[in-house]
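Notes follow the structure.
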Amino acid sequence: MRINKIILYPDDSTPEINKNQLFSFIKEKLKIKVELRDDFIETNSEKVTQVFSELRVHDLKKKFIYNPHQESDYEFEKKLNDYTKQKQNEIFYEGFKMQKKFSSFLPDNENTLSVLSIIITNKLICTFDENDYRFHARAILLGNPTIISTSGIIEGPAKPKKFYLDMMTNFSQISESEIEKKYQGEFLTYHDLRLPQILEGYIMQAISFIETGEEFCENDFCRIFNSHWQKDLIDLNVIESKLCPKHKKLFFNLD
Ligand SMILES: [Zn+2]
């Protein structure tokens, strides 16, 4: 493997992701050297807050433009960082530009192809899609550093079609939480106990991208498959937990 070390920067917003379990997964299962560090956003607080204030997306249906520097925006983001540490986020940030900035904050000797930094955050990251001309929430941004958004995992991949239909047709009679209850288990919610296994899948995708240059796997039965639906994400990572022969070879040297 090209990667000989992974540095994990999880935040504390979602205890369910279980940092130590992820650490052991990389070390014991994938047999890659791993180091656990403190929350990247908190460690680089001042610089990162500046980035957030520049990269906040105000309109999801318009192409991104940098926000001009304003002290009030900076103060707003600073407060928001403290406020949303344990909560879900509703504010979107431009993902690719964030990734580029975060890359410049990595120490030089760690900003190499052999060291993969993975930042786990509850901030909502989005990227612009030219096909439907709007921003979409993203669960993961591949590269170095890889950014995994726990809020993006919940908001990115689509919930069952019937759920949206229920929300549209029955919303006035029953509450959103009642509709969510009806579909319990079929999609991920904040603080979902299945998140560790989902994150393992995303970490493998991050490694696979650096090793092969391919964003995801074509095989719809492999954990590295690009799941557009929550159901696929759960089936592949929690229920089936399988890899295709190519990825088995990559991770475990098995045919
Ligand atoms: Zn595969």
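Each reported figure results from applying straightforward, stated rules to the coordinates on display, with no laboratory input. Bear in mind the structure is a predicted one, so any value in this text is a computation, not a measurement. As a convention, Cβ positions derive from the backbone with ideal geometry for all residues, glycine included, and neighbour counts pool all protein chains shown.
Return the loop-located GluC sites (Glu not before Pro) in the stretch 88-129 (DSSP other than H, G, I, E, B) with at most 14 other Cβ atoms within 10 Å of their own Cβ; answer none if there are none.
Details: sites: 90, 94, 110; in loops: 90.
Within the stretch 88-129, the qualifying GluC sites (Glu not before Pro) (loop, at most 14 other Cβ atoms within 10 Å) are 90.
If a cysteine in the chain has no other Cys Cβ under 4.7 Å from its own Cβ, put it on the list, ordered by number. So, 126. List the pairs from 29/246; 181/231; 33/101; 79/101; 27/47 whose alpha-carbon separation is above 23 Å, in the order I gave them. Over 23 Å apart, Cα to Cα: 33/101; 27/47.
Which value in Å is the Kirkwood Rh of the stretch 57-161 over different Cα pairs?
15.0 Å
Connecting C-alpha atoms closer than 10 Å in a GNM of the chain, tell me which of 123, 79, 181 has the biggest fluctuation. Its mean-square fluctuation being the largest, the pick is 181. With the convex hull drawn around the C-alpha atoms of the chain, the volume per residue stands at 137 Å³. Within the same chain, aspartates and glutamates fewer than 8 places from residue 97 are excluded, and of the rest, those with a Cα less than 15 Å from its Cα are 54, 129. Just checking the listed ones, 56, 37, 138: in the Gaussian network model of the chain with Cα springs under 10 Å, the one fluctuating most is 37.
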